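Each remark here refers to the structure printed beneath this line.
The values are calculated or read from the model by the stated rules, or taken from the named source; none is laboratory data. Remember, it's a predicted structure, so these values are computed and weren't measured experimentally. Cβ atoms come from the backbone with ideal geometry, glycine included; neighbour counts cover every protein chain shown. Areas reflect the complete protein model, heavy atoms only, side chains present, ligands, DNA and RNA absent. Shrake-Rupley method; radii C 1.70, N 1.55, O 1.52, S 1.80 Å.
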Amino acid sequence: MSAATHAQDHGHHDDHAHHPTGLKRWLFTTNHKDIGTLYLWFSLTMFFMGGVMALLLRAELFQPGLQLINPEFFNSLTTVHGLVMVFGAIMPAWVGFANWLIPMQIGAADMAFPRMNNWSFWLVVPAAILLVASFFVPGGAAASGWTLYPPLIIQQGISIDMTILAVHILGASSIMGSINIITTILNLRAPGMTLMKMPLFVWTWLITAYLLIAVMPVLAGAVTMLLTDRHFGTSFFNAAGGGDPTMFMHIFWFFGHPEVYIMILPAFGVVSAIIPAFARKPLFGYASMVYATASIAILSFIVWGHHMFTVGMPAAGNLFFMYATMLIAVPTGVKIFNWIATMWQGSMTFETPMLFSIGFICLFTIGGFSGLVLAITPVDITLHNTYYVVAHFHYVLVSGALFTLFAGAYFWIPKFTGKMYNESLGKLHFWLSVIGFNIAFFPQHFLGLAGMPRRIPDYALQFAEWNMWSTIGAFIFGFSQLLFLYNMIECIRSNRKAADNPWEGADTLEWTHLPSPAPYHSFETAPVVK
Amino acid sequence: MGLDMIRKASRNAALAAAALTASAAAHAAYDVDILPPGSPIAQQIYDLHWAIMWVCVVIFVIVFGAMFYSIFKHRKSVGAKAAHFHENTTVEVIWTVIPFVILIGMAYPATKTVLEMKDTANPDLTIKVTAYQWAWEYDYLQDGVKFNSLLATPRAQIEEWEKKGEAKNPDYLLEVDNPMVVPTGKKVRLLVTSNDVIHGWYVPQLGINQYGIPGFVKDTWFKADKPGTYRGQCSQICGKEHGYMPIVVVAKAPEEYAAWVKEQKAKAPQAAAPAQVAAGSPSTGAVATTAAAPAEDPNRKWTTDELKALGEKVYAANCVACHQATGKGMPPAFPALDGSKVVTGAKGAQVALVLNGKQGTAMASFARLSDSELAAVITYTRTAWGNKAGEVTPAEIKAARKG
Amino acid sequence: MGNAQPGGYYFAPPSHWPIVGSSALLLMAIGGVMLMNSVGGGGWIFLAGTAILVYMLFGWFGTVIRESEGGLFNKQVDMSFRWSMSWFIFSEVMFFAAFFGALYYARVYSLPWLGDADNKLLWPEFKAHWPSAGPYLPPQFSAMGAWGIPALNTFLLLSSGVTVTYAHWALRMNNRKGLILGLLATVLLGFTFLGFQIYEYVHAYADLNLKLTTGVFGSTFFMLTGFHGFHVTLGAVMLTVILFRSIKGHFTADHHFAFEAVAWYWHFVDVVWLLLFVFVYWV
Ligand code: HEA
Ligand code: HEA
Ligand code: CUA
Ligand SMILES: [Cu+2]
């Protein structure tokens, strides 16, 4: 431990000597690491809840016919699975990483608004309660798909109102969280930490936060209109009154498409940290990575129509959205090529974080390619709302966002806890995940090509075989995640002390300037970055 | 361009892949391809898909070939020393421009197809397709034929909760009572709409997937090349029976089609003017317009038993999904009809409810059923299970529609 | 207590306000859901939630004001506040964008479509022209004219923009009296605006048959002006707080971010009104 860090270590002792402990510590905390930890455990819990829903619905899909659950409940499972995974698992997990890492990576003491930071987290919890509790109200949970299209959503009961208000609260949380992150990044950087020196994770989160602030209010507006259409007699989405259900889709997807990049951009940041660390070679094309991320974000605002090729837009609309969507392949490709160029002529080792990152690059690209296939309007006509789409978005979300979350967790847990995880268990987790994942989701491409619609509890006989495999894969994948849980808990409890920088090639501030575990307040006096 | 070659190559590759997996599990249906196209647009979609797919495969092999080469050669365990380069404008420009050019190559044929798909001018035949929860109504605007099309698979094959269900039909869940019939080689224009929520009229082999949006009419078209049966399903989640809303299109030679039209007309006298769809206005509390009833012989006299027998059929097709065969419903979402106050109470209230539906709930208007069907199903519910209320006649329904 | 180092980061001490706020919102959500679905007791739960929220706002802002007046915030904190307020206003802009988007879409796309040839099948009688309540509802209502109250309201809000700028100028010049008078004028103009707005709503319901339920015209009209009015209310309340703080002697010529934040917000509300005036009332 260097002298400098020791001094800092010392400095904070007296200041948090009278910090509350126990439950109060977590309820009242204003510390970015505590809040990050809360976010991470919360999202892991939600991931398991969403996962159990997925396994239930996969179990029903094991065979044709209805064996386990009725169609209404099936639709609720699908809907809440989607909502919980998107808003409960992936997004909060990224905010958790942002909380832990951003202050450390830019040489700040904490986040800009510590109390608001606490509120952002403690708003997510009531929202999750509303979402999950909606399973237990009369009529059952929302059963409209996570996209909440009217008029179907108008027909259903109390649970829809709970879902809508949950979305409002989540929106407030995300907006506050993003304002906090942007302000921290723009205003609390250490001397010498210019924008173009920031680690890519910070860059990707800066852009993500911007996306969030731009689109969460739009989603809030959309669900507000749903609420007033349901209860106060407005006609936004009702043709009889001059409105249009399609209008909801436009507003929703104006939010929805940037939303999917909100889930993937931080992943790009994490991979851009891990690949150079394990290739022992600087990231190739730092500047072009920044520009590519920004281009993806900007383009994401003008592609939403690709979810709506079948609503009957005019030809010009279809063509515009098709071209804009295809364009996104260019900056995304730049990223893929940069990562591979980073590996090229490196000196690589393959610890768990690296394995998950490599798995990510391959499988995410498959998901990107299927996205490109869907972007071709005529092809989307045969594939829209089939299992091909389900395959596409699980390739980008599970082997995209989720795999990088795992990679990040393995990569930074030594810094978070000061302990080392079990490497062989990590590798086992990786291989079981990759295998289970591909068995679960690759066959869904074939189901989609053969015309199997999504969101159905029961299907025609020709779809039986691939569905069987898909369910088997889902269970392998699902149960492998228990390994991750075990590995994390075991790591925290173990006494395998981790070095301040256990990774030879890692060179961001949290590795070079801070001990493991990182002190409660990262940098009480800012480091000087050259 | 060599689209034909690509098509052949892709067929072969697909077949090879299928054969591979099939050998793993004999007799199983391991399809890995789009279903055989049945219309010119579907053919173009098929070719586009495989052309793009193969471009992606080639890129994938090149890019990940490079990555895995690097992974094997440049690993620390084989003594690789890390280089230190981290920028090269030339390669960066190259790998930005090349994908861009490839994309333009893909966009060009796709644009042609989009323009063709959207060209609905000069149809030979126009059919209005109206979606209901959960049935399709086909209205042949020129030929004056109009009917409903519902799932034909018996529920006993579907529900396996108590016991393993009956053996399933070969077209399990993809069979309907009255398929849409169209002439081959003719441009069929569809006017798709919906009565309640959004549905999707999706028949992949004809290259069509069009949402039916309540209150709006959206058009699309197809042309079936060869006689045959094309199956599809509703593509947009529309409530609990979304998975049970199949579509069947039977393409017949034009002469056979003409004969079919004649036959249909003989069954039911000339249909009335196009029905006005009740684009319900759940939240504004407006009352749904009652659709003009499908025409039928108004003078026919029905006995109570005839009504009950027909009613049971109508009930099985239209009501069981929610109110269940036992009449017990699935409370609290779907109330029981057995013992219900409405069903055992005054006739008028029940007739009005079934005719208009109840705004803001899943109970839709069933005005699309004929007078006798409505009379039958209401009579059935009033007399089935433990209910002992009186019958309702088609004449009473007719009167209710007017008032 | 937190510790503040001169020139360093201000470590906020642990705080119970956020969790109090979250409980408040949870109660409000539960109460709101119950209210909307006519479940008994919902109103009370909602009220309890609102009361807790108000309590939390007082407590939280009170803490921040004490910290600020206690000199715990340095230039960097001030800058953080500036960034955050700008981004917050940006998020508000996007919220209004959703509703303006709805107005645009309804006028430019869905209504003309409802009136086009294919849709004659469904709506044989409907002729699409704005203002419209759609093809199904009785169309007898009148739109709100632009040149009566709305024009007057435009004038009021624009003047209030001037008075708040005057107050700011006075503050910078250390002219406390000008500051207080300027703020007072702004607050009065703001509440007058609201009064007219309420009058206009009553007029719409009573005389024009223009209601929230009047098809898409009524929906967009009331939701846009309503949310704007709600923001004016918030802004006016915040201005009132600032007024009282000024009377108490808070703020100095070079340290008065709270004042500026509210002024920014007020200008934002102003700009939204101009857009409303043009797109909702005028064209
Ligand atoms: C993290 C989430 C994520 C990401 C990153 C993406 C990325 C992309 N998505 Fe995806 N998408 C979803 C999540 C995501 N998507 C979800 C959740 C849905 C469904 C929502 C619902 O209906 O419920 C969806 C649905 C969806 C649809 C609608 C399908 C339908 O409903 O009919 C479409 C259509 O265009 C699409 C396209 C794309 C494209 C073109 C990309 C591109 O960004 C991909 C770009 C990447 C590459 C192309 C690969 C790498 C590039 C190279 C190696 C360069 C060289 C390549 C070429 C020149 C080809 N997506
Ligand atoms: C955002 C991320 C995300 C993630 C991570 C996942 C993860 C998974 N998803 Fe998800 N999915 C979506 C987002 C996501 N999904 C979305 C947005 C939709 C669309 C919803 C809609 O249509 O509206 C969707 C829809 C969807 C469908 C289509 C449903 C339908 O159309 O009807 C299917 C079907 O296979 C599926 C499967 C799975 C599976 C098997 C996983 C697996 O990765 C899950 C892994 C499983 C676990 C992690 C479980 C671990 C638990 C145990 C091992 C049990 C332990 C037991 C106890 C403690 C009791 N998903
Ligand atoms: Cu009809 Cu799905
Ligand atoms: Cu998208």
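Considering only protein heavy atoms and a probe of 1.4 Å, how much of the accessible area of the protein assembly as shown is carbon and sulfur, as a whole percent?
C and S atoms contribute 68 percent here.
Looking at the range A:47-512, how many pairs of lysines come closer than 27 Å at the Cα, when each pair is eight or more places apart or spans two chains?
15
Among all the lysines, which ones have a C-alpha under 23 Å from C:Lys127's C-alpha, if same-chain residues fewer than 8 places away are not counted?
Within the straight-line limit of under 23 Å, C:Lys127 reaches these lysines: B:Lys128, B:Lys218, C:Lys211.
Given a 1.4 Å probe, how much area per residue of chain A is accessible, in Å²?
On the way: 13480 Å² over 530 residues.
For chain A, the solvent-accessible area averages 25 Å² per residue.
What FRET efficiency would be calculated for the residue pair C:Tyr55, C:Phe244, taking the C-beta separation as r and a Förster radius of 22 Å, to the nearest 0.05?
In this case the efficiency is close to 0.75.
Mind ranking A:Glu504, B:Glu116 by accessible surface for me, highest first, 1.4 Å probe?
If we order A:Glu504, B:Glu116 from most to least accessible, we get A:Glu504, B:Glu116.
Work out how far the C-alpha atoms of chain A reach from end to end along every principal axis, then list the three figures in whole Å, largest first.
Over chain A, Cα extents along the principal axes are 71, 50, 45 Å.
In what sequence, largest accessible area first, do B:Val197, C:Val202 appear using a 1.4 Å probe?
Per-residue accessible area, sorted high to low, gives C:Val202, B:Val197.
Quick check: pseudo-label points 7 Å beyond the Cα along Cα→Cβ at C:Ser142 and B:Val78, how many nm apart are they?
With each label placed 7 Å out from Cα toward Cβ, I get 8.6 nm.
With a 1.4 Å probe, how much accessible area is buried between chains C and A, both sides summed, in Å² to the nearest hundred?
On the way: alone 16080 and 20420 Å², together 31180 Å².
Summed over both sides, the interface buries about 5300 Å².
At the nearest 100 Å², what buried accessible area, both sides summed, do you get for A and B when the probe is 1.4 Å?
8800 Å²
Given a 1.4 Å probe and the protein chains all in place, what does the accessible area of C:Leu181 round to, in Å² to the nearest 10?
100 Å²
Taking θ = phi - 60°, what integer Hz values does the Karplus form 6.51 cos²θ - 1.76 cosθ + 1.60 yield along the range B:45-60, in sequence order, with x for Gly and Pro?
So the J values, rounded to whole Hz, are 4, 4, 5, 4, 4, 6, 4, 5, 4, 5, 4, 4, 4, 5, 4, 4.
When the Karplus curve 6.51 cos²θ - 1.76 cosθ + 1.60 is applied with θ = phi - 60°, which whole-Hz ³J(HN,Hα) does each residue of the range C:21-27 get, with x for Gly and Pro?
x, 5, 4, 4, 5, 4, 4
Which of rounded, prolate or oblate describes chain C when judged by the alpha-carbon gyration tensor and an a/c cut-off of 1.5?
Cα axes put chain C in the prolate bin.
Report the label-to-label distance for A:Ile435 and B:Met330 in nanometres (one decimal), using points 7 Å from each Cα along the Cα→Cβ vector.
According to this spin-label approximation, the distance is 3.8 nm.
Among C:Ala261, C:Phe221, C:Phe244, which residue has its Cα furthest toward the positive end of the charge dipole of the range C:164-264, with +1 on Lys/Arg Cβ and -1 on Asp/Glu Cβ?
Result: C:Phe244, furthest along the dipole toward the positive end.
If I ignore ligands, DNA and RNA and count only protein heavy atoms, how much of C:Phe141 is accessible to a 1.4 Å probe, in Å² to the nearest 10?
30 Å²
Would you mind working out the accessible area per residue for the range C:1-137, using a 1.4 Å probe, and quoting it in Å²?
47 Å²
Which value, in Å² rounded to 10, gives the accessible area of B:Glu241 with a 1.4 Å probe and all protein chains present?
Number for this one is 10 Å².
Along Cα→Cβ, 7 Å out, is where each label goes; now give me the distance between the ones at C:Asp207 and A:Lys24 in nm to one decimal.
Between C:Asp207 and A:Lys24, the label points sit 6.1 nm apart.
Whenever you get a sec, line up A:Met196, C:Met36 from highest to lowest accessible area (probe 1.4 Å, protein heavy atoms).
A:Met196, C:Met36
Please report, in debye to the nearest 20, how large the charge dipole of the protein assembly as shown is about its Cα centre when each Lys and Arg carries +1 at its beta carbon and each Asp and Glu carries -1 there. Walk me through the numbers on the way to the answer.
Values: 73 positive and 70 negative charges, 140 e Å.
My answer is approximately 680 debye.
Taking Cα atoms, how many degrees apart are the long axis of helix C:149-172 and the longest axis of chain C, rounded to 10 and kept between 0 and 90?
Tilt relative to chain C: about 10 degrees.
Could you work out how much longer the chain between A:Thr512 and A:Glu423 gets when fully extended? Use 0.36 nm per residue separation minus the Cα distance between them, nm to one decimal. Intermediate results must be reported in sequence, preceding the final value.
Numbers: separation 89, 0.36 × 89 = 32.04 nm, distance 2.25 nm.
That pair, A:Thr512 and A:Glu423, stretches by 29.8 nm at full extension.
Which FRET efficiency value, to the nearest 0.05, is calculated for C:Asn174 and B:Thr96 with the Förster distance at 51 angstrom and r the Cβ-Cβ distance?
0.35
Rounded to the nearest 5, what % of the DSSP beta bridges within the protein assembly as shown are antiparallel ones?
If I count the DSSP bridges inside the protein assembly as shown, around 70 percent turn out antiparallel.
Take the protein assembly as shown, drop everything but the C-alpha atoms, weight them equally and run the Debye formula without solvent; then report log10 I(q)/I(0) at 0.10 Å⁻¹ to two decimals.
Log-scaled intensity ratios, in q order: -1.43.
Can you figure out the FRET efficiency of C:Val278 with A:Ala316, using R₀ = 41 Å and their beta-carbon distance, to the nearest 0.05?
With R0 = 41 Å, the Cβ-Cβ based efficiency is 0.95.
Per residue in the range A:507-525, which ones lose no less than 20 Å² of accessible surface when going from chain alone to all protein chains (1.4 Å probe)?
The answer is A:His521, A:Glu524.
Which ³J(HN,Hα) values in Hz, rounded to whole numbers, follow from the phi angles of the range C:29-40 under the Karplus curve 6.51 cos²θ - 1.76 cosθ + 1.60, where θ = phi - 60° and Gly and Pro get x?
Per-residue couplings from phi come out as 5, 4, x, x, 4, 5, 4, 5, 9, 6, 9, x Hz.
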